[in-house]
Every structure is written in structure tokens, then in C-alpha cells.
Amino acid sequence: MKKIGILTGCLALILCACTARGKKTDTPVEYYGVSFICPAGWDVSKTEDYGAVQMVTIEKMGFSSSGILTVTLQDEGCELDDLLRDFMEAMEENAIFSNLKFRDVTDGFYGKYGGLACEYTTSVLSVPHQGCIYVFNANGKNLGILRQEATEDLKVNRSGFEKLAESFTVN
């Protein structure tokens with residue numbers, strides 16, 4: 001079941017609906033016990049509940065936008081390095097990613113939550129992308145967060161990704 005959620009999260013990174021339906025103002029949202037500020041121009045594009053695994057996908061909206069954040073939650077029960085390895089393996093098995101290269105795993109933070117992090121680079125449909133996988137435990141949950149964007153969009157996505165991370169809370 002965990003692999004289904006991870007694979008779905010990876011697919012959500014690729015199959016983003018590029019429409020202009022983003023909110024015009026910052027909007028507080030809560031799903032599955034996590035809350036955050038959805039920045040203006042971003043939208044919660046997908047939520048999934050697989051029972052043991054839940055997923056929320058947030059995207060920067062617009063035809064040529066590439067910012068996407070996928071939050072995966074499951075009951076705490078596995079080691080963080082195992083969870084991170086599952087995310088990495090799911091990405092390696094997904095044919096949409098080409099030239100996927102992971103950097104070294106480090107201690108890292110997503111907002112105020114410490115855990116493990118692994119940055120990566122890849123190409124999606126020949127467009128260079130970069131991202132980071134964060135895994136951590138909070139309030140009885142294992143969380144995995146995949147952040148990805150086209151390299152050319154780093155500047156335009158920065159404030160949205162910062163707002164998401166700074167406001168992210170596991171309730």
C-alpha cells in the first residue's frame with residue numbers, strides 16, 4: 001500500500017494539470033491532519049486517501065508552470081531511511097524521469113520538521129528539473145514530501161515553496 005501512495009505521488013509530479021485556476025490570494029487549507037498556507041497562484045490539485053496512506057498535491061498554476069509539492073502521510077511505523085529509499089526507488093522505476101541523479105542523503109528540514117533530505121536532478125519530457133525529497137516523523141505519522149520544479153522556474157517558484165514550508169504544520 002505504501003508503494004501505491006509513493007508511486008501515485010511520483011506520477012502527480014508529472015501529470016500536473018496546467019490550468020490557470022490558482023487562487024488569487026493566500027489560502028489556509030487543511031487535509032488529513034496537515035495544514036499550510038496555499039500561496040496565491042498555487043492550488044491543491046489532488047487529494048487521495050488510500051486508507052493507510054494519504055496524499056495531497058499542491059501545484060503552481062498556469063500553462064507553463066512547473067512547481068509541484070506532493071505530501072504523503074502514513075501511520076508511523078518504518079525507519080526514515082527505508083521511507084526515503086522507497087521514494088527514490090519509485091522515482092527510478094518511473095519511465096517519465098530521465099537522467100535521474102540523487103545527491104547524498106543528508107539531515108534536513110522541511111519547515112520546522114527535521115528528518116532526512118535528498119536532492120535530485122532529472123529531466124521530464126527533456127526539460128531539466130530539480131527537486132528534493134524530505135522524510136520525517138511528526139505526531140505519529142511518517143511524512144514524505146516531494147518538491148520539484150523546472151530549473152528555469154527556480155526564481156518564480158521560490159516564494160511559493162517558502163510559504164508552503166514555513167506554514168506547514170502536522171496537527
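The values are calculated or read from the model by the stated rules, or taken from the named source; none is laboratory data. Since the structure is predicted, the reported quantities are computational estimates derived from the model, not experimental observations. Glycine also receives a Cβ, built like all others from the backbone with ideal geometry; neighbour counts cover every protein chain displayed. Accessible surface is based on the protein model in full, side chains and every heavy atom, while ligands, DNA and RNA are left aside. Shrake-Rupley method; radii C 1.70, N 1.55, O 1.52, S 1.80 Å.
For every residue, the table says whether it meets (1) in contact with a helix residue (DSSP H, G or I) (Cβ under 6 Å, 6 or more places away or on another chain); (2) closer than 25 Å to Thr47 by Cβ; (3) open to solvent by less than 10 Å² (accessible area, probe 1.4 Å); (4) part of a helix (DSSP H, G or I).
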site: Ser66; (1), (2), (3), (4): yes, yes, no, no
site: Ser98; (1), (2), (3), (4): no, no, no, no
site: Asp107; (1), (2), (3), (4): no, no, no, no
site: Ile133; (1), (2), (3), (4): yes, yes, yes, no
site: Glu152; (1), (2), (3), (4): no, no, no, yes
site: Lys155; (1), (2), (3), (4): no, no, no, yes
site: Gly160; (1), (2), (3), (4): no, yes, yes, yes
site: Glu166; (1), (2), (3), (4): no, yes, no, yes
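Whether any residue in region 73-80 is closer than 21 Å to Glu152 by Cα and open to solvent by 20 Å² or more (accessible area, probe 1.4 Å) is what I want to check. For region 73-80, residues closer than 21 Å to Glu152 by Cα and open to solvent by 20 Å² or more (accessible area, probe 1.4 Å): absent. Going by the conditions given, is Lys112 out of contact with any strand residue (DSSP E or B) (no Cβ under 9 Å at 6 or more places or on another chain), among the basic types (Lys, Arg) and surrounded by fewer than 19 Cβ atoms within 10 Å (Cβ to Cβ)? No; evaluated as a whole, the condition is false for this residue. Looking at this structure, is Thr8 in contact with a strand residue (DSSP E or B) (Cβ under 8 Å, 6 or more places away or on another chain) and at pLDDT 95 or above? No. Evaluated against (1) farther than 14 Å from Gly144 by Cβ; (2) in contact (Cβ under 8 Å) with a residue 12 or more places away in the chain; (3) among the charged types (D, E, K, R), Asp107 falls short on exactly one condition, (2).
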